[in-house]
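Here the structure comes first, spelled out in structure tokens, and everything after it is commentary.
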Amino acid sequence: RMQAALEALEALHPALLSVDPPNGGSDLQLLFALQQQHFIELVRAGDVAAALTHAQHKLAPLAEAQPALVEPLELTMMLLASADGADSPSAHLLHPSQRRRTATALNAAILRAQSRAEEPMLPAMLRELQRAQVELRERHGVSFPQVDDLREAVPRLPSTSREAASPSRG
């Protein structure tokens, strides 16, 4: 799947995967992250021979071009030190959060290439909602339904001391 994703990305945004993009700046770190993820997926699938070939042809040249990538390359190669990678000092690379980090970096690069905001709008809007709620409550003393838990996004009415002191009518 990773190879198909890289091919689709190459077709849609060839400059993102270029070692020397047309804007003059090179995003070798993104290219390294994508190739690193491909290597990780090969290791995860148990295809050590393909992983080594991939490292030689794709990762090593990037580390040669940008010396700051040598250490991440060495860390990545440590996945091969144990049978399943789980006992490796770089076992964290096998965690699903690594896939999310790579996907987030890629999404941001695609959005930049399209001259769009790098961050999805909904999380930014929800943070702005929280800031506005704090300002209304603290600066203006306004009582209103509030969204505290952004995962659930359920508005709740704030409890006031007056409501707590008054007996309920039943």
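The values are calculated or read from the model by the stated rules, or taken from the named source; none is laboratory data. None of these values were measured; they are calculated from a predicted model. Virtual Cβ from ideal backbone geometry, glycine too; neighbours counted across all protein chains shown. To get the accessible areas, we keep the full protein, side chains included, count just its heavy atoms, and leave off ligands, DNA and RNA. Shrake-Rupley method; radii C 1.70, N 1.55, O 1.52, S 1.80 Å.
Below are the figures for this structure:
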| quantity | calculated |
| --- | --- |
| Label point distance in nm, residue 15-residue 146, each placed 7 Å from Cα along Cα→Cβ | 4.5 nm |
| Surface share of carbon and sulfur [accessible, 1.4 angstrom probe, percent] for the stretch 103-158 | 57 percent |
| Rounded accessible area per residue of the stretch 24-158, 1.4 Å, Å² | 62 Å² |
